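What follows is a short report on a single structure.
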Amino acid sequence: MHSLRLASSAHSQSLFTMSAASASLALPSPLSSFRSNGPLPSRCFLHLNNPSRSRVFMSVSVGSQTVVDDALFADYKPTSAFLFPGQGAQAVGMGKEAQAVPAAAELYKKANNILGFDLLDLCINGPKEKLDSTVISQPAIYVTSLAAVELLRARDGGPQIIDSVDVTCGLSLGEYTALAFAGAFSFEDGLKLVKLRGEAMQEAADAAKSAMVSIIGLDSEKVQQLCDAANQEVDVADKVQIANYLCPGNYAVSGGLKGVEAVEAKAKSFKARMTVRLAVAGAFHTSFMDPAVSRLEVALAATQIRTPRIPVISNVDAQPHADPETIKKILARQATSPVQWETTVKTLLTKGMKKSYELGPGKVIAGIVKRMDKSAEIENIGA
């Protein structure tokens, strides 16, 4: 059978109702995505991100599954963006401010029940070594970032800012946070995925000697040449590649430990300003994470994922995706694919993004945005 999906444009209110003839549609605000487990309406979709046009598109229902046009958001026009940090942004003391806002504090209570340990205590008190571990830092950043959204909601003008957001994205782990904010899955389901992701990535890292290093002061072409030179001196098992295209002059390289050491040894001869070994478990966003993919695929297959209410830009291809099945495949691929953050931010700026907000611990993303456009307006919302 065919079902008609209506895509219209408007700024979201906390509850927007549209009626026509004998049909009506009610959509919650973008942030209720992790305050309620209710699914999106099955037959209609409100297209919030483009005030200049409305359109009708078809989706095809096959049995109980609805095939959504994955290109729904292809022509998105960003004005206000929420950006969520990834692993490495964690810091002892995060989450303390969130306890003053009941809705934010409630997220940590829910997290404790799902995770089986006191996440808030680790966030506030550490120790740093434990908070920095992959299995702890990933859920800690996910929860603290969504708690930051609740802090914003509680301040004067906060709900209006939240309702004005028409695109979101996150750095690596932060993509899961962005999808939760956009209503693709519930807070609880997202946390379960993030917990498993951290565990699976840690196990994959433990299976082989690998590492990551940031190369500062070179363009991506030079960094690729540096990787090629290092790879000529190591076995296939130790080869390296660019794993994170952060911003001009800052790229992360992942691979076998010997390959990373070769990169560090050769960096100065390629005129790199410096190298910084990253405090992560292993070679994220490379084939070293292959063992994690199958576990992620099983978990994603069992998770209810819906079409996001606003575009969520993928780390894998720097594009927004609307089809839930495609989103599942993209999230599984993300663990072994280079992060296209530079392209993502550049596209947002080129398409006309007027203001962005970094929600969660740290200020890494704000630094990247400012490096790419000194005039860009970005605000940090911590928790």
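The values are calculated or read from the model by the stated rules, or taken from the named source; none is laboratory data. The structure presented is a predicted model; accordingly, all values stated were derived computationally and were not measured. Every residue, glycine as well, gets a Cβ built from its backbone with ideal geometry; the counts of neighbours run over all protein chains shown. Note: areas computed on protein heavy atoms with side chains; ligands, DNA, RNA excluded. Shrake-Rupley method; radii C 1.70, N 1.55, O 1.52, S 1.80 Å.
Among the residues of region 228-249, those identified as open to solvent by 30 Å² or more (accessible area, probe 1.4 Å), out of contact with any Lys or Arg (no Cβ under 8 Å at 6 or more places or on another chain) and within 29 Å of Lys370 (Cβ to Cβ) are Gln241, Tyr245.
Checking Val280, Val276 one by one, the residue that is within 18 Å of Gly86 (Cα to Cα), open to solvent by 20 Å² or more (accessible area, probe 1.4 Å) and part of a loop (DSSP other than H, G, I, E, B) is Val280 and no other. Restricting attention to region 78-106 and to residues that are open to solvent by 30 Å² or more (accessible area, probe 1.4 Å), among the aliphatic types (A, V, I, L, M) and outside any helix (DSSP H, G or I), the residue that is farthest from Ile378 (Cα to Cα) turns out to be Val92.
The residue that is nearest to Ile141 (Cα to Cα), counting only those in region 152-202 that are in a loop (DSSP other than H, G, I, E, B) and of a type in the set (S, T, N, Q), is Ser172.
If you check Val253, Val263 for being touching a strand residue (DSSP E or B) at 6+ places or on another chain (Cβ under 7 Å) and either open to solvent by 60 Å² or more (accessible area, probe 1.4 Å) or assigned to a helix (DSSP H, G or I) (or both), only one passes: Val263. Per the conditions (1) open to solvent by less than 40 Å² (accessible area, probe 1.4 Å); (2) touching a residue at least 40 places away in the same chain (Cβ under 8 Å); (3) more than 27 Å from Gly93 (Cβ to Cβ); (4) not assigned by the TED database to the domain that holds Ser356, the sole criterion not satisfied by Gln225 is (1).
Checking the structure you have, find out if any residue of region 290-298 is open to solvent by 10 Å² or more (accessible area, probe 1.4 Å) and either more than 26 Å from the chain's Cα centre (by Cα) or not assigned by the TED database to the domain that holds Val369 (or both). Scanning region 290-298 turns up no residue that is open to solvent by 10 Å² or more (accessible area, probe 1.4 Å) and either more than 26 Å from the chain's Cα centre (by Cα) or not assigned by the TED database to the domain that holds Val369 (or both).
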